[in-house]
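This report concerns only the one structure given below.
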Amino acid sequence: MLGLKLPTDPRWVNIVEKNIEDILTDHAFCEQKATSTAISLIVSFPEYTELVQEMVALVKEEISHFKMVHDIIIKRGWTLGRDRRDDYVVQLLKFFAKGGSRTTQLVHRLLYAALIEARSCERFRLLSEELQDKELADFYRKLMVSEANHYTMFLGFARQYGNKKEVDTKWQQLLEYESEIMANLSKTETIHG
């Protein structure tokens, strides 16, 4: 369903289980960044009314996910750590050339967002199925559904606002590029890394 070309190495869950506090901190900041992305799309493309409406709803949902992760951190007696650079996203953002029309810029941002949500969904599924910590496994199962919905929403908007054939071609190229990035990741206790 997600179209990802390279699945996450299941051994990544072993790294996560040894670093639960770190993964929760990274996850919390991923939710915060997703919130910021939605706000940025509203600010950058206010003329797209349907997109703005969906991004307002997404802001509320993503910030509630941040709170849910933060609550788990507090419940376990920890504090939110510091944000770290997300090498996955940094590398991903190199795919499309800068510039182009406003529509092209919008489509590219929507495709990036769709792919990040798709990879998050895939990672959450893996965590829900493989984590020994049942509380977290159940938590990630619930979030997995939201991520899948976000992925399809962003991809749908890209197809709606861009030329569908061109968007589908770019999407496939981006998926191939992302698989090359993923070949070198799955070695750290981060959601995407």
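The set of residues from the range 11-27 being part of a helix (DSSP H, G or I), touching a residue at least 40 places away in the same chain (Cβ under 8 Å) and either among the charged types (D, E, K, R) or farther than 13 Å from F124 by Cα (or both) comprises I15, E17, I20, E21, D22, T25, D26.
Is it fair to say A113 is touching a residue at least 60 places away in the same chain (Cβ under 8 Å) and within 18 Å of the chain's Cα centre (by Cα)? Before you say what the answer is, go through the steps one by one.
Working: touching a residue at least 60 places away in the same chain (Cβ under 8 Å): yes; within 18 Å of the chain's Cα centre (by Cα): yes.
Answer is yes for this residue.
Out of all the residues in the range 49-64, is one or more in contact with a His (Cβ under 8 Å, 6 or more places away or on another chain), of a type in the set (A, V, I, L, M) and either closer than 22 Å to A118 by Cβ or part of a helix (DSSP H, G or I) (or both)?
Of the range 49-64, the ones in contact with a His (Cβ under 8 Å, 6 or more places away or on another chain) are 58.
Going one step further and asking which of them are of a type in the set (A, V, I, L, M), we end up with 58.
Filter once more, keeping what is either closer than 22 Å to A118 by Cβ or part of a helix (DSSP H, G or I) (or both): 58.
Scanning the range 49-64 turns up at least one residue that is in contact with a His (Cβ under 8 Å, 6 or more places away or on another chain), of a type in the set (A, V, I, L, M) and either closer than 22 Å to A118 by Cβ or part of a helix (DSSP H, G or I) (or both).
Modelled with pLDDT of 95 or more, at negative phi and of a type in the set (G, A, S): does that describe A148? Judged against the criteria, A148 is not a match.
Among L6, L24, L58, which is within 19 Å of F157 (Cα to Cα) and surrounded by 15 or more Cβ atoms within 10 Å (Cβ to Cβ)?
Values: L6 fails: within 19 Å of F157 (Cα to Cα); L24 fails: within 19 Å of F157 (Cα to Cα).
Criteria check complete, one pass: L58.
All of (1) touching a residue at least 12 places away in the same chain (Cβ under 8 Å); (2) out of contact with any Phe, Trp or Tyr (no Cβ under 8 Å at 6 or more places or on another chain); (3) not acidic (D, E) hold for L2 with one exception: (2).
Of the residues in the range 27-55, how many are buried (at least 16 other Cβ atoms within 10 Å of the Cβ), among the small types (G, A, S) and within 22 Å of G156 (Cβ to Cβ)? The qualifying residues number 2.
Could you tell me which residue of the range 69-126 is farthest from N149 (Cα to Cα), considering only residues that are part of a loop (DSSP other than H, G, I, E, B) and small (G, A, S)? It comes out as G77.
The values are calculated or read from the model by the stated rules, or taken from the named source; none is laboratory data. Here the structure is a predicted model, which means the values were calculated and not measured. Don't worry about glycine lacking a Cβ; one is built from the backbone with ideal geometry, like all the others, and counts go over all protein chains shown.
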